[in-house]
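Below: one structure, written as structure tokens.
Please treat every number below as a calculation from the coordinates, not as lab data. Given the structure is predicted, the values throughout are model-derived calculations rather than measurements. Cβ: placed from backbone, ideal geometry, glycine included. Neighbour counts: every protein chain shown.
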Amino acid sequence: MGKDLVPPPDGGDNVTPVDLKAALEERYLAYALSTIMHRALPDVRDGLKPVHRRIIHAMSEMGIRPNSAFKKCARIVGDVIGKFHPHGDQSVYDALVRLAQDFSQRYPVVDGQGNFGNIDGDSAAAYRYTEARMTDVAALLLEGIEQDAVDFRPTYNEEDDEPVVLPGAFPNLLANGSSGIAVGMATSIPPHNAHELCDAALYLIKNPGASVEELMYDPAHPQKGGIEGPDFPTGGVIVESRESMLETYRTGRGGFRVRAKWETEDLGRGGYQIIITQIPFQVQKSRLIEKIAELLIARRLPLLEDIRDESAEDVRVVLIPKSRTVDPTILMESLFKLTELESRFPLNMNVLSMGRVPRVMALNEVLSEWLAHRKDVLIRRSKFRLAAIDKRLEILGGLLIAYLNLDEVIRIIREEDEPKPVLIERFTLTDLQAESILNMRLRNLRKLEEFEIRKEFDELSAEKAEIETLLASDDKQWQTIAWEIGEVKKKYAKATELGRRRSQFANAPEADLEAIQHAMIEKEPITVVVSEKGWIRALKGHISDTSTLTFKEGDGLRVAFPAQTTDKILLLTTGGKAYTLGADKLPGGRGHGEPIRIMVDMENDQDILTAFVHDPHRKLLLASTAGNGFVIAENEMIANTRKGKQIMNVAMPDEAKLVVTVSGDHVAIVGENRKLLVFPLAQIPEMTRGKGVRLQRYKDGGVSDIRCFVMADGLTWADSAGRTFTKTMAELVEWQGDRATAGRAVPKGFPRSGKFSG
């Protein structure tokens, strides 16, 4: 054990007690600030995070320009981590690779040679195999950096200097976008079209207080700003309304729904296939196809037969429909719902304002800060040039004196031990002028003509006057910035291959939601079985003989009916509540199924009254034990949540008792007191919820059974032996009356059960 690790013999006087809470707060705050400022959030002025800025600066220092030869990425990464960025080589290389990927960056900053990964999610080759150089975008970001355009600060080891921010002649933050997660905050900015950004910036120069609405492209006022919305490297179709996009850009928070671009390809004889040519941004094509294949195997896409990837350099994914009758829009809508063929790209414009303050900014604020930075860069470059001109003019003044007194100057230099002070004194020169004369090469004496010196002097004096005018005039500064932005706009115009808009805009088609739901479920026949104690299951196929069904001890069959997996199943409870279950979501036929109570939120004192397949065109007559009832359209009974929908208002001891399909023009109702009443169906109101109206009056007991029928066909019932009886219209006269009367004793031969079905 080392001497310094041995505790002191006096019990450790060197231990300092620290409050854990304070220590954690202090350290975590330092970490959080470091992450926010130096890792995750981009600077609003150049749109870069420190790692990207250092990569570009290192390439600049190495002389790797757009027109120079490619250099190994290993050299670039080595320089970046050795001089500027003391982090892992892999993280720096990953950042470099991303800057070169044309499917990640709308306007790549690095020109890569070799394998830089692909849209399928394959990673780039190791940095010893790949080469890189700058693109014109990187050159624009650096433009003027050697002319004191920005501040520099010492690097981590204080051996070199690095720029705090780049001059940023290209609107990089919005053009290439950014994403990052810091501590307690994140950023997510989609890429945009540089041509449109330049249009918006030029409009903002003319109208400094322009709102987001004015900067957005408006077909009614095309002379205003030109930003249509995001422009993703991988294209796609943005299905977001203009109002939604305006709100997103105004608040700096929101998102954009992006869909794959598709078209149908005619195969002749009515057949077709769907071709996907663009996929949403940051979606891996191979993973997307895998997911669709998994859904196909799981039979979640019954309209789709097969999927093939025929992509080469471009994207070409082929979808083959089940049959030629399949509607391509419904097929695609079902895929958009289930897969990443539709994805949402979030916008959270959280950036470092002026390089210091993290803030969520609106679109106009981001562009205003970029323009303010451009103005600052212009002023600094102009002052730098002015200082250089002043220095050169001073030198030219000295050279002119030397030219006019050449023999005397040569004599002094040859004969004097210290010629400099003698020159200064003899010709009243400045130190710089004397130094320039002494440093001049002999070969330059040939060029040292008065005419040349005076010409350069006049040209520089004119340039100096121009710069001084520029620095004195705010309008001239903005004119110069507008000219610079105009040049960028020309270079990345929509007429160029790189500048043309890739993402299109469209409204999502108004497809039938019901049809889409059906398109996502394999249609198969099932038999739904509900037990007395409220257990439900779905057996495969249509089973006519229910006597073979088994139940838990003490349980039995309540209702069983055929259905399809695409159907909706309606459940009605004794408490008058309706619930909706998808037939495809029901537990399978093995075992006894599952209790309905764990699928829906049912009250403990309620029981399942009945269950049936939903028919949207049907109407039902609901009746309670006390003899109240009303007619309801089945569509009004659909409940979209676990909580269900209260349909019939009943209070204990009264309960919902009967659900009868509405048909015909009359209603026959039998009470437990064995009295029958026949009245017109029109006397029962149609409602969406309520207690209903009295159907039949009782002294004691309640309703037993109800039947709707056509009076012209007569009333039919069956006894327990299966024999049917029919009472004609004439024979029913004595039982006919108005709703809510008591009725008369049932006719002879009416079943003892008090039910029309025996």
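Suppose R0 equals 25 Å; then what is the FRET efficiency for THR251 and VAL164 from their Cβ-Cβ distance, rounded to the nearest 0.05?
0.30
Would you kindly state how much longer the chain becomes between ASP19 and LYS476 on full extension, computed as 0.36 nm times their sequence separation minus their alpha carbon distance, in nm to one decimal?
158.6 nm
To the nearest 20 Debye, how big is the dipole of the stretch 106-221 about its Cα centre, given +1 on the beta carbon of each Lys and Arg and -1 on that of each Asp and Glu?
320 debye
Run through all the Cα pairs of the stretch 140-215 and give the fraction in each 10 Å bin from 0, expressed as whole percent.
With a bin width of 10 Å, the distribution comes to 16, 29, 38, 15, 3.
Using a Förster distance of 35 Å, how high is the FRET efficiency between ASN115 and LEU267, based on the Cβ-Cβ distance and rounded to 0.05?
Here the calculated transfer efficiency is 0.45.
Under a crude label model (7 Å from the Cα following the beta-carbon direction), how far is ASP102 from ARG344 in nanometres?
Between ASP102 and ARG344, the simple spin-label model gives 3.2 nm.
Could you list the residues of the stretch 453-475 with an amide nitrogen less than 16 Å from a label point located 7 Å from the Cα of GLU487 in the Cα-to-C-beta direction?
Within reach of a label on GLU487, which here means backbone N under 16 Å from a point 7 Å along Cα→Cβ, the stretch 453-475 contributes 467.
Taking the Cα atoms of the stretch 515-745, what is the range of coordinates along each of the three principal axes, in descending order and whole Å?
52, 40, 37
ASN628's amide H: which non-local residues (gap 5+, or another chain) put their own amide H closer than 5 Å, with H modeled 1.01 Å from N in plane and none for Pro or chain starts?
HN-HN under 5 Å from ASN628: LEU695.
Can you pull the one-decimal nm distance between simple spin-label points at ALA312 and LYS72, each 7 Å off the Cα toward Cβ?
Distance between the two pseudo-spin positions: 3.4 nm.
So between PHE505 and HIS617, what do we pick up on full extension, going 0.36 nm a residue minus the alpha carbon distance?
36.6 nm
How many percent of Cα pairs in the stretch 590-668 exceed 20 Å?
Tail fraction, whole percent: 41.
Taking each pair of distinct Cα atoms in the stretch 155-302 once, what is the resulting Kirkwood hydrodynamic radius in Å?
About 19.0 Å for the stretch 155-302.
How high is the FRET efficiency between HIS542 and SER179 when r is their beta carbon distance and R₀ equals 45 Å, given to the nearest 0.05?
Efficiency for this residue pair is about 0.30.
Quick one: length gained pulling VAL733 to GLU594 fully straight, 0.36 nm per residue minus the C-alpha distance?
Extra length from VAL733 to GLU594 when fully extended: 45.1 nm.
Loop by DSSP (not H, G, I, E, B), at most 14 other beta-carbon atoms within 10 Å: where is the longest site-free stretch of the chain for chymotrypsin sites (Phe, Trp or Tyr not before Pro)?
Here the longest run is 157-758.
Restricting the calculation to Cα positions, tell me the Rg (one decimal) and the Dmax (whole number) of the chain in Å.
Computed over the Cα atoms of the chain, radius of gyration and Dmax are 41.7, 152 Å.
Quick one: Debye curve from the C-alpha atoms of the stretch 259-360, no solvent, what's log10 I(q)/I(0) at q = 0.12, 0.14, 0.17 Å⁻¹?
Log-scaled intensity ratios, in q order: -0.46, -0.57, -0.76.
Can you pull the Rg over Rh of the stretch 373-509, Cα-only, Kirkwood?
Here Rg/Rh amounts to 1.29.
Could you work out the local net charge near ARG618, counting Lys and Arg as +1, Asp and Glu as -1, over the other residues with Cβ closer than 14 Å to its Cβ?
In short, -3.
Can you pull the one-decimal nm distance between simple spin-label points at ASN640 and GLU294, each 7 Å off the Cα toward Cβ?
2.8 nm
When the dipole is taken about the Cα centre of the chain, and only Lys, Arg (+1) and Asp, Glu (-1) are charged at their Cβ, what size is it in debye, to the nearest 20?
Computed charge dipole of the chain: roughly 3440 debye.
Based on alpha-carbon positions alone, could you give the equivalent ellipsoid semi-axes of the stretch 49-143 from the gyration tensor, as √(5λ), descending, whole Å?
After diagonalising the Cα gyration tensor, the semi-axes are 18, 16, 12 Å.
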